[in-house]
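Single-structure report; data block below.
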Amino acid sequence: MCGIVGAIAERNITPILLEGLRRLEYRGYDSAGLVVLDAHNHLQRRRAMGKVEALAQLLASDTPQLGGSLGLAHTRWATHGVPSERNAHPHISCERLAIVHNGIIENHAALRAQLIELGYAFTSDTDTEVAAHWIEHRLRESGDLLSAVRSAVADFDGAYALGVICRDEPQHLVAARKGSPLVVGLGLGENFIASDAAALLPVTQRFIYLEDGDIADIRRDSIAIFDVQGAPVTRPIKQSSQSAHAADKGNYQHFMQKEIHEQPRAVADTLEGRISEHNVLAGIFGVRADEVFQRIQRVQIIACGTSFHAGLTARYWFEDILGLPCQVEVASEFRYRNPVISDDTLFVTLSQSGETADTLAALHDAKARCPQLATLTICNVPESSLVRASDLVFMTHAGPEIGVASTKAFTTQLIALALLLLSIGKAQDRLTAEQEARIVGGLMRIPGKIAEALKHEKRILKLAKKLVKKRHALFLGRGAMYPIAMEGALKLKEISYIHAEAYPAGELKHGPLALVDDTMPVIAIAPQDDLLAKLKSNLEEVRARGGELFVFADENAGLQESDGIHVVPVTSHVGRISKTIIFTIPLQLLAYHVAVLRGTDVDKPRNLAKSVTVE
């Protein structure tokens, strides 16, 4: 969600802050702002509604140009207080202290009441302004910024990542983290903070990832970090392998389109070094993985959004191929009920960012309930919170994913789950050598099959033109293709704003068929499998009621185009695992082109954020 950038340097940092915000646009936001300490030791703030470009234009109109060597910047996604300039960050207290904040201060109302009694005036509706005034209040008591932040955050309930500067102490900035990600970037004679390392790649590739409860005192030539008890600690320095150009669109119109087309490479990179010609390699989930896999009797997958659909897909594989019980649950539901967890369970968390608040909280809760629980995270971001909190880790080598609507993160998660199936099956002798070789062979063919599916883009664009004016859509799939239908519906609704829902095709007569008429398009997935005949019957039910069908089919499915039936033969000769990945591709392309034709903000759809780091 919200994005933070901060810097202290010997040069003007305004361009650095602005570029950092541009690189965080993928997270989703409604306003942007920055504050710098100028040459006259005054806090100068600019805020704007809408995109970072609106803030850039506001700064360009300044005469003289706004500049300073100490400052903070922020993109806000509204939680407390409506989207407005007055609620945008940074927030300033008493013209001496400025802060930016990600997260939610849950006891803000009680603190606000105390601050009003103390004489503080509020100019916004946000919990962040409460935090600013509370830190300023503690600053009056302690006399130094670091102590003020330390005592203030002890009074905060909830989650936060904070950057704080003070005009009385221009030699440093202070950062604090609890529940929301925050990274420190190391430069030469300059240092930085950000909510995502990607924001700082133009200025550094050396990072320190703060732990929960850490407070950092950041100066031009030094970093001091203190843990939740206030003791000095040393956190490791990590060298990023990402380049500053990894977040460029290249020749594509949108990041989402680029990321759809990157999937052959992303899948190949995720498989590289994990399989040989006929086998899955040992140890790809960690040195203790085989020991863990041998003793588990069930798998519990926890995820949100697109990652939840990946987990639902894998459930079919684990139970169908291995005969291993598998449960999949939305993290926000799991953490707020009273789940029964046994220590013979492999607890798997899925997240592109590794910072998804509900998934992370579910992991911590599960470990507290069952200390012997074996945990595994499948993630795309090294050093993320989920990665650090899990026993076993598998990195999906998808590369940066900027578009809010996940594409290559989803398909590489499916690859990771297929490799997990192979590794568990091998450890427990649930797979024969022939089965393992067959599945590995299918995985090796997937990058090429994706590339072939992408060749249908022009044809899918023609279908998109038929959907662009529709208000609703129904997606159908059977078996493991049902979660893929769910993913297709999610993609369409989140970027085109068309209401779309998915159903198992066998459930048509239990309600959805009542919606079908000539205004309700039905998108169906028809692989060549044991359920194809039943699916064809479901499609006939749709046609009998005047519904227009858009069918993505196996080349050998025997489905022909006719009046009201549009068929795209996507692929052929794909197995139980491969088909779920290959048939995802045309659904992504369909959603993308419908959104482009409707003129929506494809990469940054309204009201949504890339990384949901608060509840």
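The values are calculated or read from the model by the stated rules, or taken from the named source; none is laboratory data. Note that the structure is a prediction, hence the values are computed from the model and not measured. Note: ideal-geometry Cβ built from the backbone for every residue, glycine included; neighbour counts use all protein chains shown. The accessibility values were calculated without ligands, DNA or RNA, using every heavy atom of the protein model including side chains. Shrake-Rupley method; radii C 1.70, N 1.55, O 1.52, S 1.80 Å.
Before moving on, here are some points about what is shown:
- Matching residues in the stretch 463-476 - criterion: being touching a Pro at 6+ places or on another chain (Cβ under 7 Å) and not in a helix (DSSP H, G or I): K470, A473, L474
Conditions (1) surrounded by 21 or more Cβ atoms within 10 Å (Cβ to Cβ); (2) without any contact (Cβ under 8 Å) to a residue 40 or more places away in the chain; (3) over 26 Å from V404 (Cβ atoms); (4) not β-branched (V, I, T), marked per residue:
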{"site": "T349", "(1), (2), (3), (4)": "yes, no, no, no"}
{"site": "S353", "(1), (2), (3), (4)": "yes, no, no, yes"}
{"site": "T356", "(1), (2), (3), (4)": "yes, no, no, no"}
{"site": "T359", "(1), (2), (3), (4)": "yes, no, no, no"}
{"site": "A362", "(1), (2), (3), (4)": "yes, no, no, yes"}
{"site": "Q372", "(1), (2), (3), (4)": "no, yes, yes, yes"}
{"site": "T375", "(1), (2), (3), (4)": "yes, yes, yes, no"}
{"site": "C379", "(1), (2), (3), (4)": "yes, yes, no, yes"}
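- Flag not set for A73, criterion: touching a Ser or Thr at 6+ places or on another chain (Cβ under 7 Å), open to solvent by less than 30 Å² (accessible area, probe 1.4 Å) and either among the aliphatic types (A, V, I, L, M) or without any contact (Cβ under 8 Å) to a residue 40 or more places away in the chain (or both).
- Breaking point among (1) over 22 Å from the mean Cα position of the chain (by Cα); (2) surrounded by fewer than 18 Cβ atoms within 10 Å (Cβ to Cβ); (3) in a strand (DSSP E or B); (4) not hydroxyl-bearing (S, T, Y), for Q229: (3)
- Candidate set: the stretch 259-284, residues that are of a type in the set (A, V, I, L, M) and open to solvent by 40 Å² or more (accessible area, probe 1.4 Å); chosen: the one modelled with the highest pLDDT: L281
- Subset of the stretch 285-320 (residues that are part of a loop (DSSP other than H, G, I, E, B) and crowded, with 18+ Cβ neighbours inside 10 Å): F285, I296, C304
- Hits in the stretch 402-432 (condition: open to solvent by 10 Å² or more (accessible area, probe 1.4 Å), out of contact with any Leu (no Cβ under 8 Å at 6 or more places or on another chain) and in contact (Cβ under 8 Å) with a residue 12 or more places away in the chain): I402, S406, S423, K426, A427
- Among residues of the stretch 284-328, those that are over 17 Å from A485 (Cβ atoms) and among the hydroxyl-bearing types (S, T, Y), counted: 0
- Among the residues listed as I402, I415, the single one being at pLDDT 90 or above and either at negative phi or part of a loop (DSSP other than H, G, I, E, B) (or both): I415
- When T204, T234 are screened for being at pLDDT 90 or above, closer than 30 Å to G399 by Cα and either aromatic (F, W, Y) or surrounded by fewer than 16 Cβ atoms within 10 Å (Cβ to Cβ) (or both), only T234 passes.
- Considering residues of the stretch 197-209 that are touching a residue at least 40 places away in the same chain (Cβ under 8 Å) and touching a strand residue (DSSP E or B) at 6+ places or on another chain (Cβ under 6 Å) only, the residue farthest from G20 (Cα to Cα): Y209
- Options A437, A453, A416: the member that is of a type in the set (G, A, S) and in contact with a helix residue (DSSP H, G or I) (Cβ under 6 Å, 6 or more places away or on another chain): A453
- The stretch 94-113, residues that are surrounded by fewer than 24 Cβ atoms within 10 Å (Cβ to Cβ) and polar (S, T, N, Q): N107
- When residues of the stretch 362-388 are limited to those that are modelled with pLDDT of 90 or more, part of a helix (DSSP H, G or I) and not charged (D, E, K, R), the one nearest to S180 (Cα to Cα): L386
- Evaluation of A451 against (1) within 22 Å of I582 (Cβ to Cβ); (2) buried (at least 23 other Cβ atoms within 10 Å of the Cβ); (3) under 27 Å from the mean Cα position of the chain (by Cα) (one fails), failing number: (2)
- Checking each residue in the stretch 106-163 for being charged (D, E, K, R), part of a helix (DSSP H, G or I) and more than 29 Å from the chain's Cα centre (by Cα) picks out R112, E117, E136, R138, R140, E141, R150.
- Checking T519 against (1) in a loop (DSSP other than H, G, I, E, B); (2) at pLDDT below 95; (3) within 30 Å of L346 (Cβ to Cβ), the condition it does not meet: (3)
- The requirement of being open to solvent by 20 Å² or more (accessible area, probe 1.4 Å), modelled with pLDDT of 95 or more, touching a His at 6+ places or on another chain (Cβ under 8 Å) and not hydroxyl-bearing (S, T, Y) is not satisfied by R140.
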